[in-house]
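Visitor: Structure below; questions to follow.
The values are calculated or read from the model by the stated rules, or taken from the named source; none is laboratory data. In this text the structure is predicted, and so the values were computed from the model without any measurement. Every residue, glycine among them, receives a Cβ derived from its backbone with ideal geometry; neighbour counts consider all protein chains shown.
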């Protein structure tokens, strides 16, 4: 088979989709990656995956979307794909339109989290559901990461095809695990964090919908250090967190306890040197960062939203709190910060759950099985 893997940006292709691309190619198929050009595509090319860069706007502006769809369609007509497999909300709409116009025999969509969600206003939510339904008229296979999304897709007949499967999400289990005391000490020394401090870590794009404003406000009342690994992508249209970060910089105590690490390639090491992981997002699909933290053996404090509540067993592997509730977030983080035995127990239970359910090799194998590519 000649297979197209399509998403919006190089970050998604290199950090999330590359293992799937490699597995498909190792199964004997030809894989071509389509997304906007970016420095991370060099990793994709180095892995032996051919890339056809096309500007794909991460915007719901219809003019920009149609422009991207025409450009993608030209590439698809040249390549004559057997399967087009699309990812991420805007790119999936653009890619399915382009693939349909190019006459691609099989159009597949993996929903890493539908753009619409339970905290969105009624009108906007229904507009985006309608867009998904329209794009679904040419979609034969839908794979979702969360079970909630799969159930919703079935209830609303979001695709014309009959195959709707929840596949979960996964990470490379060989990269994440508990660290040694020496490894922890070295990382903390590098980041100017005391050995005896409780460290809370968050990994995610620096945008407001990830819950950074609430988390940063919460840190005034939590006796711990916070490590933040992530940056704002140039293509991000979500609200910024500049005001919240400026407030931290203006506070002498907080600026000493909040460490902004930027985009990092050593996340496994950082997680191994932390004590608690948090992800207070407003919306997610099936967050990989939570799985990485669970694999490492960290307890997780997350918001009670789609995906996160499927990964985190409240009271057993971590704690779930309401969205945008700083008091509840502060209470949960403080409770774990003050109770090392509870952290250890939750972390051990989370690691077992992650190894049982979220090993990347199983998730990839499931996709190859669904698409009959193995």
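Visitor: Among the candidates 33, 14, 8, which residue alone is assigned to a strand (DSSP E or B), assigned by TED's automatic domain parsing to the domain that holds residue 82 and surrounded by 22 or more Cβ atoms within 10 Å (Cβ to Cβ)?
Guide: 33
Visitor: Ok, one more. Quick check, is residue 189 more than 20 Å from the chain's Cα centre (by Cα), more than 28 Å from residue 328 (Cβ to Cβ) and in the same structural domain as residue 291 (by TED's automatic domain parsing)?
Guide: yes
Visitor: For segment 107-137, enumerate the residues that are outside any helix (DSSP H, G or I) and surrounded by 18 or more Cβ atoms within 10 Å (Cβ to Cβ).
Guide: 107, 108, 109, 110, 111, 112, 113, 114, 115, 116, 117
Visitor: Right, next: Just to be sure before I move on: is residue 99 outside any loop (DSSP other than H, G, I, E, B) and out of contact with any strand residue (DSSP E or B) (no Cβ under 6 Å at 6 or more places or on another chain) in the structure I sent?
Guide: Details: outside any loop (DSSP other than H, G, I, E, B): yes; out of contact with any strand residue (DSSP E or B) (no Cβ under 6 Å at 6 or more places or on another chain): no.
Spelling it out, it is not the case that residue 99 is outside any loop (DSSP other than H, G, I, E, B) and out of contact with any strand residue (DSSP E or B) (no Cβ under 6 Å at 6 or more places or on another chain).
Visitor: Looking only at residues in segment 21-30 that are in contact (Cβ under 8 Å) with a residue 60 or more places away in the chain and surrounded by fewer than 19 Cβ atoms within 10 Å (Cβ to Cβ), which one is nearest to residue 87 (Cα to Cα)?
Guide: Of all residues in segment 21-30, those in contact (Cβ under 8 Å) with a residue 60 or more places away in the chain come to 23-24, 27, 29.
The next check asks that each one be surrounded by fewer than 19 Cβ atoms within 10 Å (Cβ to Cβ); those that pass are 27, 29.
Numbers: 27: 21, 29: 19 Å.
This residue is 29.
Visitor: Being in contact with a strand residue (DSSP E or B) (Cβ under 8 Å, 6 or more places away or on another chain), at pLDDT 95 or above and more than 25 Å from residue 36 (Cα to Cα) is the filter here, so list the residues in segment 220-257 that pass it.
Guide: Those that are in contact with a strand residue (DSSP E or B) (Cβ under 8 Å, 6 or more places away or on another chain), at pLDDT 95 or above and more than 25 Å from residue 36 (Cα to Cα): 222, 224, 225, 226, 227, 228, 257.
Visitor: Give me the residue from segment 37-71 that is within 19 Å of the chain's Cα centre (by Cα) and assigned to a helix (DSSP H, G or I) and, out of that set, farthest from residue 92 (Cα to Cα).
Guide: 43
Visitor: From (1) more than 20 Å from residue 53 (Cα to Cα); (2) buried (at least 22 other Cβ atoms within 10 Å of the Cβ); (3) over 26 Å from the mean Cα position of the chain (by Cα), pick out the condition that doesn't hold for residue 103.
Guide: In the conditions (1) more than 20 Å from residue 53 (Cα to Cα); (2) buried (at least 22 other Cβ atoms within 10 Å of the Cβ); (3) over 26 Å from the mean Cα position of the chain (by Cα), residue 103 misses (2) alone.
Visitor: Ok, one more. In segment 152-174, what residues are surrounded by 13 or more Cβ atoms within 10 Å (Cβ to Cβ) and under 30 Å from residue 297 (Cα atoms)?
Guide: 165, 166, 167, 168, 169, 170, 171, 172, 173
Visitor: Continuing with this model, one more query. Only one of (1) over 24 Å from residue 116 (Cα atoms); (2) in contact with a strand residue (DSSP E or B) (Cβ under 9 Å, 6 or more places away or on another chain); (3) surrounded by fewer than 18 Cβ atoms within 10 Å (Cβ to Cβ) is not met by residue 341, so which one is it?
Guide: Only one criterion is unmet by residue 341, namely (2).
Visitor: From the set of residues in segment 306-323 that are out of contact with any strand residue (DSSP E or B) (no Cβ under 8 Å at 6 or more places or on another chain) and at pLDDT 95 or above, which is surrounded by the fewest Cβ atoms within 10 Å (Cβ to Cβ)?
Guide: Residue satisfying both the conditions and the ranking: 315.
Visitor: Next up: Look at residue 282 and say whether it is surrounded by fewer than 20 Cβ atoms within 10 Å (Cβ to Cβ) and closer than 14 Å to residue 199 by Cβ.
Guide: no
Visitor: Return the only residue of 335, 328 being free of Cβ contacts under 8 Å to residues at least 12 places away in the same chain and touching a strand residue (DSSP E or B) at 6+ places or on another chain (Cβ under 8 Å).
Guide: Among 335, 328, only 328 is free of Cβ contacts under 8 Å to residues at least 12 places away in the same chain and touching a strand residue (DSSP E or B) at 6+ places or on another chain (Cβ under 8 Å).
Visitor: A further question follows. Residue check: is residue 90 within 15 Å of residue 35 (Cβ to Cβ), under 18 Å from the mean Cα position of the chain (by Cα) and modelled with pLDDT under 95?
Guide: So residue 90 passes the test.
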